[in-house]
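A short worksheet on the structure shown next.
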């Protein structure tokens, strides 16, 4: 029980290494082990989430070196929530990759997938800023290769942009960490908060600059304006299971902002308390507007879903930028909803692509696709949830965020932008749904390609879509208990002194 | 004097790195990333404050010590930057092979 917090990091790492060694035994063996590891991770995440509900933070001192000298893992409710969302998403994406045999299109899919989970889980659990950098690099390196999985010139070019942008981001990350270490003399997140609270006035400018540099890096990962331009091409051109898993990648940036900025520049940081929040709110509003226009302007479904991811992240960043407990709780509710929904929509878009033959997911009237009733019905529900129409979870999330926004001096701007953005999404998704499902040709033209009769692995693929989209009704049915949990998570995140007390508590079993 | 020299070196490296990263063909971009990573390594190293001939680990006769943590950070950063550069080079070669051009957007020069 004492070693529980490190297991979500060790399990995917070991699974990845074992999978690398299993390659000679063929892809079937790899699939079994990989899915088994993914499922075990889900069980572990459920167990950990249940354990976290007691509200007790668990600090795991690596090598039994106490903070701030050693690196610690801090396991609290927010980390547990992120682990659970990632595990649910990973199981769905893995299942889809296996049943559609996407994993056989290139080598080492499963190894890279587990390494990606290793990096993600590590980033959620670490309590040290440099360790966060290392886990970011792990998850990025795995994501570079996963993005390119399956090959193709378009994918390579999109991947090249993604890699270069993120490498520059890593450089900025190091500059920010270097400046923070130079000014504060520590990289432990809890200790940094202590040092910032007692910062001499002449150092404030330097620390503020470093904090904003860090915001640039996390904003790049979270696709904040003007750093989002890499996202649509990268997400739209990669394979569906990878895009589904990447739905959580932007949330890692949001998580890092909540964790690092929320702790270091929290309520006790004196002059620097929440200095980043207006930046986040303003840029989040611009991102939301541009993302909604992107959804309107998209020529194909996968690009449209990529812009939907962008819109959901922007909504989240607005919620974080409102800097109140209610807004943060609402944002976390929206985070769970939007991550799983985006994952499900990428998989659904892939089924639609494979049902339309050469029309793929372009918004041109094509032939009737097989299983159009089920696909269309699920698309309708997913689109309603994405826009935020009642009675689905997107509606509750948005209403809750807007309700929390009323206490903020900028509430008119926030309300206007979020509602305008939702309306643009509604128009765009109504149009794409009607083109894909209603405007079908009765007879094929001469020039038309062969009509697709069946979608291979449709039923099994649909299982993964429904697995991820099940979150949408569940979040509505269980809205009351879920929102109570989110309130407690948000309260715990904002309790910086409690975080510090947990980190600096003497190591259990230490000398 | 040493401070000025270090600051200037980091500044020049970053300036050249940014310029090269903004070029349109992949080879200068990779070179630019390399220069940027050199600049970060120097910067991280300088954050432990500049000192000459001071030990970083415990020695009985030493009275002043250099901060060992930035040195460890730089080691980590060097390893990661090395791996990333290798990956970027391979990816650039793959893009050259698949699109037939070394333009970052894969466009063939007219």
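Averaged over the residues of A:431-443, the number of partner chain Cβ atoms lying within 10 Å of the residue Cβ comes to 0. Evaluated on the range A:118-228, the Kirkwood hydrodynamic radius is 15.2 Å, with distances taken between all distinct Cα atoms.
For the peptide A:153-163, the mean number of other protein chain Cβ atoms found within 10 angstrom of a residue's Cβ is 5. Per residue, the average separation of C-alpha pairs within less than 8 Å and at least 6 apart gives the range A:4-499 a relative contact order of 15 percent. Distance from the Cα centroid of the range A:129-182 to that of the range A:183-228 is 19 Å (rounded to whole angstrom). I'd like the distance separating the alpha-carbon centroids of the range A:63-94 and the range A:244-307, in whole Å. Using only Cα atoms, the two centres lie 21 Å from each other. In chain A, the longest principal axis of the Cα atoms and the axis of helix A:109-125 are about 40 degrees apart. When only Cα pairs below 8 angstrom with a gap of at least 6 residues are kept, the range A:310-451 shows a relative contact order of 31 percent. Entry note, the range A:137-244: relative contact order of 39 percent, from Cα contacts under 8 Å with a spacing of 6+ residues.
Highest mobility in the GNM of chain B, judged by mean-square fluctuation with C-alpha springs under 10 Å and restricted to B:77, B:24, B:56, is found for B:56.
Classify the range A:133-177 from the C-alpha gyration tensor, please: rounded if a/c falls under 1.5, else prolate or oblate depending on whether a/b exceeds b/c. Oblate is the answer for the range A:133-177, as a/c is 1.5 or above yet b/c matches or exceeds a/b. Computed from Cα atoms, the angle from the helix B:26-46 axis to the main principal axis of chain B rounds to 10 degrees. Let me know the shape class of chain B, please: from the alpha-carbon gyration tensor, a ≥ b ≥ c as square roots of the eigenvalues, rounded when a/c is under 1.5, otherwise prolate if a/b is greater than b/c, or oblate. Oblate is the answer for chain B, as a/c is 1.5 or above yet b/c matches or exceeds a/b. Sorting the segments A:367-373, A:18-24 by their residues' average number of neighbouring beta-carbon atoms within 10 angstrom, most packed first, yields A:367-373, A:18-24.
Global size of the range A:139-294: 17.1, 54 Å for Rg and Dmax (C-alpha atoms, Rg to one decimal, Dmax whole).
Shielding of peptide A:251-264 by partners, expressed as the average count of other chain Cβ atoms within 10 Å per residue Cβ, is 0. For the range A:25-145, the Kirkwood hydrodynamic radius from C-alpha pairs, put into Stokes-Einstein at 20 °C and a viscosity of 1.002 mPa s, yields a diffusion coefficient of 139 µm² per second.
Listed peptides A:74-83, B:62-71 appear in the order A:74-83, B:62-71 once ranked by packing, highest mean of other Cβ atoms within 10 Å at the front.
Adding -39500 (n - 2.57) for every DSSP H run of four residues or longer, then dividing by how many residues chain A holds, sets the calculated 222 nm ellipticity at -23500 deg cm²/dmol. Peptide packing for B:32-40, B:93-101 was compared via the average number of neighbouring C-beta atoms within 10 Å per residue; ordered from the highest value, the list is B:32-40, B:93-101. For the protein assembly as shown, dividing the convex hull volume of the Cα atoms by the residue count gives 164 Å³ per residue.
For chain A, the longest principal axis of the C-alpha atoms and the axis of helix A:479-494 are separated by about 40°.
The spacing between the range A:365-419 and the range A:41-56, judged by their C-alpha centroids, is 29 Å. Each stretch of four or more DSSP H residues adds -39500 (n - 2.57); spread over every residue of chain B, this sum gives -23500 deg cm²/dmol at 222 nm.
Only the coordinates and a few stated rules stand behind these numbers; no lab work does. Note that the structure is a prediction, hence the values are computed from the model and not measured. Please note: Cβ atoms are built from the backbone with ideal geometry, for glycine as well, and neighbour counts cover all protein chains shown.
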